[in-house]
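The values are calculated or read from the model by the stated rules, or taken from the named source; none is laboratory data. Nothing here was measured: the structure is a model prediction, and the numbers come from that model. Positions of Cβ are generated from backbone atoms using ideal geometry, with glycine treated the same way; all protein chains shown enter the neighbour counts.
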């Protein structure tokens with residue numbers, strides 16, 4: 001179906017392939033630099049006191065980035081999906097008979113919840129088996145040296161006790177499974193309530209020993225927080241990458257300079273703060289340097305690669321074809337669901353419900369202001385992009 005029939009007239013009036021190509025190359029460089037800088041700050045900044053993931057500055061900046069991601073899901077991705085799946089180029093049946101954009105976004109959120117839950121359980125069990133095996137080896141070696149036994153066997157009670165702690169009994173610091181109820185229940189049993197809890201929190205920081213809360217940003221997580229951050233960082237990268245491909249492709253196939261110019265600034269801003277949020281999750285997950293580098297490069301290169309691919313197929317690609325609109329709409333819907341879930345549950349709720357945030361009024365005020373500022377600024381970019 002021709003572009004003039006399906007709403008391509010406006011962009012066709014402003015077609016300038018040579019000027020558009022120059023702007024696309026500028027977009028590749030700008031977005032690449034923004035993504036690299038954004039994701040590198042939390043990863044490299046671990047060595048700097050002000051940029052470490054346990055600093056108040058990082059908490060506030062991450063709240064801003066969470067607002068950016070939330071607005072990206074609600075205002076940009078979900079809106080784009082709705083427009084694509086309700087485009088007049090699509091057949092009336094079934095695309096005009098049902099709100100597919102909202103449905104796909106909802107299903108993506110629910111599937112993300114399931115993946116979040118299963119992924120957390122998998123990594124907890126994997127970590128638990130590793131720790132239990134290491135402790136068993138230590139105890140066996142000790143038993144052999146002390147008792148002179150040929151074979152050292154741990155009593156069943158010791159293994160059971162160890163496994164109980166590994167798999168989440170509250171006595172030893174329950175591991176976080178998805179959901180704030182489990183999180184809250186753990187702290188009701190493990191820590192004092194109200195002002196006493198905050199006093200203990202402050203004391204732990206001043207003493208600097210003997211408690212998980214001395215680790216700053218991971219106040220409520222302790223050692224188990226690494227498991228959650230591993231899952232969060234991987235799912236968040238999946239959601240970001242899936243919509244980055246569509247964004248890059250859309251920019252790459254456009255031949256309208258007036259369309260591309262505002263997209264360069266908007267997408268650079270967007271890429272920087274998405275990278276910052278993702279880099280913070282990767283840093284807190286404590287991946288090995290190689291794994292962290294691979295994840296960072298994958299994120300930084302996705303949008304520029306999408307733009308390059310769009311340039312390559314711009315001569316034959318029809319953004320108003322049924323296949324293109326359905327693919328774009330479904331991917332945008334899925335991305336919206338993933339990003340909204342991750343922003344609300346694993347970034348905003350996890351940080352704003354933490355003990356550290358509850359016990360620091362100034363940090364609360366600053367973080368909420370940064371959250372609304374990030375969401376507001378990212379939403380306002382919808383005027384141009």
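Let's see how each residue does on (1) touching a residue at least 12 places away in the same chain (Cβ under 8 Å); (2) farther than 24 Å from residue 121 by Cβ; (3) not in a helix (DSSP H, G or I):
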site: 255; (1), (2), (3): yes, yes, yes
site: 260; (1), (2), (3): yes, yes, no
site: 265; (1), (2), (3): yes, yes, no
site: 281; (1), (2), (3): yes, no, no
site: 298; (1), (2), (3): yes, yes, no
site: 302; (1), (2), (3): yes, yes, no
site: 310; (1), (2), (3): yes, yes, no
Of the listed residues (32, 43), the one being surrounded by 15 or more Cβ atoms within 10 Å (Cβ to Cβ), more than 17 Å from residue 249 (Cβ to Cβ) and either in contact with a helix residue (DSSP H, G or I) (Cβ under 7 Å, 6 or more places away or on another chain) or at pLDDT 95 or above (or both) is 43
When region 341-385 is checked residue by residue, the ones that are within 23 Å of residue 78 (Cβ to Cβ) and not in a helix (DSSP H, G or I) are 384, 385
Test for residue 323: is it more than 19 Å from the chain's Cα centre (by Cα) and either within 19 Å of residue 232 (Cα to Cα) or surrounded by fewer than 23 Cβ atoms within 10 Å (Cβ to Cβ) (or both): yes
Inside region 283-296, the number of residues satisfying the requirement of being on the phi > 0 side of the Ramachandran plot and in a helix (DSSP H, G or I) is 0
Restricted to region 80-99 and to residues being out of contact with any helix residue (DSSP H, G or I) (no Cβ under 7 Å at 6 or more places or on another chain) and in a helix (DSSP H, G or I), the residue nearest to residue 376 (Cα to Cα) is 83
Exercise for the section: Assess whether residue 102 counts as being part of a helix (DSSP H, G or I), modelled with pLDDT of 90 or more and farther than 17 Å from residue 235 by Cβ. Expected result: yes
